[in-house]
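Encoded as structure tokens, the structure appears first; notes follow it.
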Amino acid sequence: MRYSAAHWGIYEIHGSDNAPKLRPFRKDPDASPIGLHQMAPELAALRVRRPAIRRSWLEGGPGGRGDLRGRDSFVEVSWDEAVGHVAAELTRVRATHGNRAIFGGSYGWASAGRFHHAQSQLKRFLNCVGGFVAHKTSYSLGAGHTLLPHVVAPLTDLFKQHTSWDVLADHCTLFVSFGGVPAKNTQVASGGAARHRCREGLRNMAASGTRFVNFSPVADNLDTGGPVEWIPIRPGTDTAVMLALAHEIVAAGAEDREFLSRCCTGWDRFLPYLQGATDGCAKTADWAAEISGVPAARIRTLAQEMTAHRTMINCAWALQRAEHGEQPFWMTIVLAAILGQIGLPGGGFGLGYGAENSIGSPHVALSGPTLSQGVNPVADFIPVARIADMLLNPGAAFTYDGARLTYPDIRLVWWAGGNPFHHHQDLGRLERAWQKPETIIVNEPFWTPTARRADIVLPATTPLEREDLSYATLEGVLVASRQVQPPLAGALDDHEIFRRVARVMGVEDAFAEGRSSAEWLRHLYDETRRRWQAQGIAMPEYDAFLQEGILDLSDRDERRVMLQAFRADPEGAPLPTPSGRIEIFSDRIDGFGLADCKGHPAWFAPDEALSGPRAQEFPLHLISDQPVRRLHSQLDASPHSVAGKIAGREPVSMHPQDASARGLQHGDAVEIWNGRGLCVSIVRVTPEVMPGVVKLSTGAWYDPDPATGHERHGNPNALTADRGASGLSQGCGAQSCLVDVRKLDAEAAGADPFRLPEFDLTDR
Ligand SMILES: Nc1nc2c(c(=O)[nH]1)N[C@H]1C(S)=C(S)[C@@H](COP(=O)(O)OP(=O)(O)OC[C@H]3O[C@@H](n4cnc5c(=O)[nH]c(N)nc54)[C@H](O)[C@@H]3O)O[C@H]1N2
Ligand SMILES: Nc1nc2c(c(=O)[nH]1)N[C@H]1C(S)=C(S)[C@@H](COP(=O)(O)OP(=O)(O)OC[C@H]3O[C@@H](n4cnc5c(=O)[nH]c(N)nc54)[C@H](O)[C@@H]3O)O[C@H]1N2
Ligand SMILES: [Mo]
């Protein structure tokens, strides 16, 4: 069998060579439909067909009219000409400003294949020519990744250990989630999903009698097939409710003192804060009710239920993509520590059940093949979501994880495999920042909003057009991802693009090590084979593997209980924290002296939230969650994604009460606005969002009206704040966003997101 592997899962290749068809992997119990639409003609129409250079850059040279990025026409050129310009420009920037002036962070999901992974290829190449300014952490988990090593363990280690669905079904009697378990998100896993098991996992839990309580501003994110208690909560206030649950448990004398002293440090320094001795405010149920809108009585009864049951507390990743995003993760852990069930089957905490397929999946945890990126001689970096700050304020100081750093002065940006004009917050601000670099190069298969705003666009192949090796990340399945269709004429694999530039710059040997792409795949496989065989996993030779198409290690599925070994013997199996224990109080974080992240979890009133004063001006809280029908902005033009739009726009969900207060009916065109921006959408009236909250999923291709800057397609990042979660992590803070909504009386300006740029054919 021949397979094609993608972030959405593994697909079987059927049909003839001329008319190939993708079908779901037959061993996948709940395959995602998203990937079946990869060959849609609507997507093919948006391909970058030839290398293209922005007219003003070509005529005026580097730095030419950055203000016209996104509006200029493009001139198509040959690969030789494009590669020549790129090599000359890199050489110029290095000679004039040094490698510290090159930003190669290039955040984004790119493709699932492990060799043709655009970022790895870009970084490997840039390291061959003296390095680049990099980024740290991710948009997904900026606050979480920075916090967790200080208080429990690196998040990536914990993800591999998350208690598996089967153990939850057998042992968990009460599942309390903050932010649901959105099965729509488990369609994907970074690097590739294998078997989609979340829906089945939740159903098995419900069938075994697990009771579910969901604190969430929306009701549509926890479907178990059975009853779920939905407790509406104002966005950004979960930490207050968790503190109150902790307070009530302690007030009842039900905290697990043995666990707190044996496995944790800092309880004695947190307790005075919880009880109000340090700030004069006891974190009672009544206190939290005022902030969160959750009834105090329910907090009190739930606290009792949590101590009486085997309780799993789950926190969605979205909660830490917000102001003070560290706090809900930290407080989830502390609340679970107070219950004392961490390391017991079915109890403890989860960070992101439902965020990606791999979490809770029982597959064997092995690390797959990766292309070495080499060594970066440049030490400068930014926390990933500080891109606009960096471009706008070179030399300005910022803090990150206890360090005080400054932003480098970037002259050249190279992006491969990401879409910042999808992923970043306050895109109007990014437009202004994006004018500053002298040169912006983008490798892309499609004319995305980012490609349209580049100076040099290099057409990349899609995963369907090349051979690759995919290890469904952490999911125990290694796949030979086969070419489904021939490459679009004019497009090259990212590897080949960098190889050609490397050749002109005299570093081809260092970059490619004398291997062809096919030889690289064999090499990466052999390397993985050596490592896995050392762990007792028998693996066929590469050619036999290719023939088979897949290596499925599901017979090695394991029932997992997170932190079981640590609980059993905290001295013998200590955590990688300074104390070796769970840090309820972190001396290290305390020592950073930050005003917005203390030595223990705490409630900080957010700047933008319904509970704060700014809600008087903008009374609705905007949630921008992950889209059901696509992966971020990828495949947005496919019929599957377009079918989720109303009148060609991403709809905004709103409670009937808020709609009628504004004279709105289902299907009306609306403007969503705040002090930062405005975007047009279509209202979807539903009781599944709580009053005061509106929800607009991410990923509609950014389409601002050139005259007004008003976004026309329903992209929430026209409105979100470009603000770091805190001085600790500087993580993406997208979820802290207030807006208002009004009826659009005039004829809605036509959205036109899926169009090609203008090409200049006059004199060439
Ligand atoms: N408001 C708001 N904003 C958010 C979020 C939110 O919750 N709210 N979530 C954030 C999160 S968690 C994330 S991870 C980001 C995601 O942001 P991104 O990862 O930047 O989004 P994608 O749309 O997946 O962009 C990937 C791009 O890579 C291109 N690509 C695919 N394969 C290849 C390849 O082989 N070669 C090359 N050169 N290109 C390729 C695709 O065409 C696409 O344009 O968004 C963030 N933005
Ligand atoms: N189909 C699909 N799946 C995806 C992705 C995609 O683009 N498409 N993206 C993937 C990526 S990159 C990531 S990082 C993960 C992200 O995974 P998450 O961050 O977990 O995903 P979200 O959908 O943004 O949010 C999860 C839920 O949290 C709720 N929520 C938001 N704010 C709050 C709050 O303050 N309090 C409470 N209690 N709930 C809140 C949202 O309404 C939503 O239902 O998803 C991954 N899965
Ligand atoms: Mo993400």
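Annotations
- Taking the criterion of being part of a strand (DSSP E or B) and either under 27 Å from Arg197 (Cα atoms) or within 16 Å of ligand 3 (Cβ to nearest atom) (or both), the residues of the stretch 438-490 that qualify are Asp468, Leu469, Ser470, Tyr471, Ala472, Val477, Leu478, Val479, Ala480, Ser481.
- The residues of the stretch 121-147 that are assigned to a helix (DSSP H, G or I), more than 16 Å from ligand 3 (Cβ to nearest atom) and open to solvent by less than 10 Å² (accessible area, probe 1.4 Å), listed by number, are Gln121, Leu122, Phe125, Leu126, Leu147.
- The set of residues in the stretch 580-619 being touching an Asp or Glu at 6+ places or on another chain (Cβ under 6 Å) and open to solvent by less than 20 Å² (accessible area, probe 1.4 Å) consists of Cys597, Gly599, Pro606.
- All of Pro408, Pro377, Pro420, Pro394 fail the test of being farther than 21 Å from Ala110 by Cα and open to solvent by less than 10 Å² (accessible area, probe 1.4 Å), apart from Pro408.
- Among the residues making up the stretch 57-91, those that are among the acidic types (Asp, Glu) and touching a Lys or Arg at 6+ places or on another chain (Cβ under 8 Å) are Asp72, Glu76.
- Condition check for Asp658 on (1) within 30 Å of Met39 (Cα to Cα); (2) assigned to a helix (DSSP H, G or I): one failure, at (1).
- Given (1) over 30 Å from Thr301 (Cα atoms); (2) more than 16 Å from ligand 3 (Cβ to nearest atom); (3) out of contact with any Gly (no Cβ under 9 Å at 6 or more places or on another chain), number of the condition Thr156 does not satisfy: (2)
- Here Ala95 clears all of (1) within 16 Å of ligand 3 (Cβ to nearest atom); (2) free of Cβ contacts under 8 Å to residues at least 12 places away in the same chain except the condition numbered (1).
- Filter pass, Gln485 being modelled with pLDDT under 95 and either over 27 Å from the mean Cα position of the chain (by Cα) or at positive phi (or both): no
- Subset tally (residues that are part of a helix (DSSP H, G or I) and more than 30 Å from Gln564 (Cβ to Cβ)) for the stretch 274-298: 12
- Taking the stretch 339-362 as the range and being surrounded by fewer than 23 Cβ atoms within 10 Å (Cβ to Cβ) and modelled with pLDDT under 95 as the test, only Pro362 passes.
- Among the residues of the stretch 554-569, just one is of a type in the set (Lys, Arg), open to solvent by less than 70 Å² (accessible area, probe 1.4 Å) and assigned to a helix (DSSP H, G or I), namely Arg567.
- Cβ separations smaller than 6 Å between residues 6+ apart or across chains give the following pairs from the stretch 404-417 residues that are closer than 30 Å to His116 by Cβ and modelled with pLDDT of 95 or more to residues that are crowded, with 23+ Cβ neighbours inside 10 Å and of a type in the set (Asp, Glu): Ala416/Asp494.
- Taking the stretch 67-84 as the range and being farther than 30 Å from Gly191 by Cβ and either in a helix (DSSP H, G or I) or within 16 Å of ligand 2 (Cβ to nearest atom) (or both) as the test, the residues that pass are Asp67, Leu68, Asp80, Glu81, Gly84.
- Wholly within the stretch 183-263, helices (runs of 4 or more DSSP H) carrying at least 2 residues that are within 16 Å of ligand 2 (Cβ to nearest atom): 198-207, 238-251
- Output for the stretch 648-683, where each listed residue is within 11 Å of Leu744 (Cβ to Cβ), open to solvent by 20 Å² or more (accessible area, probe 1.4 Å) and over 27 Å from the mean Cα position of the chain (by Cα): Asp668, Ala669
- Check on Leu551, open to solvent by less than 40 Å² (accessible area, probe 1.4 Å), in contact (Cβ under 8 Å) with a residue 24 or more places away in the chain and not in a loop (DSSP other than H, G, I, E, B): yes
- The residues in the stretch 85-118 that are open to solvent by 10 Å² or more (accessible area, probe 1.4 Å), within 30 Å of Glu59 (Cα to Cα) and within 16 Å of ligand 2 (Cβ to nearest atom) can be counted, and the count is 1.
The values are calculated or read from the model by the stated rules, or taken from the named source; none is laboratory data. Everything quoted here is computed from the prediction, not taken from an experiment. No Cβ is skipped: glycine too gets one built from the backbone with ideal geometry, and neighbour counts run over all protein chains shown. We work out accessible area using only protein heavy atoms, side chains counted, and drop any ligands, DNA or RNA first. Shrake-Rupley method; radii C 1.70, N 1.55, O 1.52, S 1.80 Å.
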